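Reviewing the structure listed below.
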Amino acid sequence: MIINEMAGSGGDLMPYMFHYRKLGLLVGKRTWGGLVHTADTPPFVDGGSMIAPRGGFFARDNRWAVENEGVAPDVDVENWPKDVVAGHDPQLERAVQEGLRMLKEHPVDRAIKEPAAPTWGKRPGQR
């Protein structure tokens, strides 16, 4: 998964869960760490409003997580403007490189023969 410093809220939570579930590598830069939510702040009498943080995120180890910390990548890669202007995306290129490496190390065991079609209308053991 590619992450960067511009990702917050769901862009913080999704990589956190991706990493927590050990689904793969995080490639890029640390997310910015804005996971506290805001909700149901009543309007002011003059029609204005205010937004205040209401709740944070804590991990299974009973510690606050992600907020003001972000999610760190497994592979840190900077997208330098000079590279982007030259038509490159270093984070994407490294993520593809890592994905190909992982596929080589852990090849996918794919079925090469289609299974028999299901029998509709009859349950197993039924005549």
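Quick one: in region 10-29, of everything that is over 21 Å from Asn79 (Cα atoms) and assigned to a loop (DSSP other than H, G, I, E, B), which residue is least open to solvent (accessible area, probe 1.4 Å)?
Among them, the one singled out is Leu23.
Each row is one residue, and each column tells you yes or no for (1) under 19 Å from Ile2 (Cα atoms); (2) open to solvent by 100 Å² or more (accessible area, probe 1.4 Å); (3) modelled with pLDDT under 85; (4) not in a loop (DSSP other than H, G, I, E, B).
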position	(1), (2), (3), (4)
Ala52	no, no, yes, no
Val66	yes, no, no, no
Val71	yes, no, no, no
Val84	yes, no, no, yes
Gln91	yes, no, no, yes
Glu98	yes, no, no, yes
Pro118	no, no, yes, no
Gly125	no, no, yes, no
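Scan region 30-79 for residues that are farther than 28 Å from Gln91 by Cβ and acidic (Asp, Glu) and jot them down.
Of everything in region 30-79, those that are farther than 28 Å from Gln91 by Cβ and acidic (Asp, Glu) turn out to be Asp40, Asp46, Asp61.
State which residue is nearest to Ile2 (Cα to Cα) when the search covers only region 30-49 and only residues that are open to solvent by 70 Å² or more (accessible area, probe 1.4 Å) and in contact with a Pro (Cβ under 9 Å, 6 or more places away or on another chain).
We begin by selecting, within region 30-49, every residue open to solvent by 70 Å² or more (accessible area, probe 1.4 Å); these are 30, 32, 37-38, 40, 42-46, 49.
Filter again for in contact with a Pro (Cβ under 9 Å, 6 or more places away or on another chain), leaving 30, 37-38, 49.
Numbers: Arg30: 10, His37: 23, Thr38: 26, Ser49: 35 Å.
The selected residue is Arg30.
The values are calculated or read from the model by the stated rules, or taken from the named source; none is laboratory data. The model shown is predicted, which means the values in this text are computed figures rather than measured ones. Here Cβ is always computed from backbone atoms with ideal geometry, including for glycine, and neighbour counts include all displayed protein chains. These area figures cover heavy atoms from the full protein model, side chains too; ligands, DNA and RNA do not enter into them. Shrake-Rupley method; radii C 1.70, N 1.55, O 1.52, S 1.80 Å.
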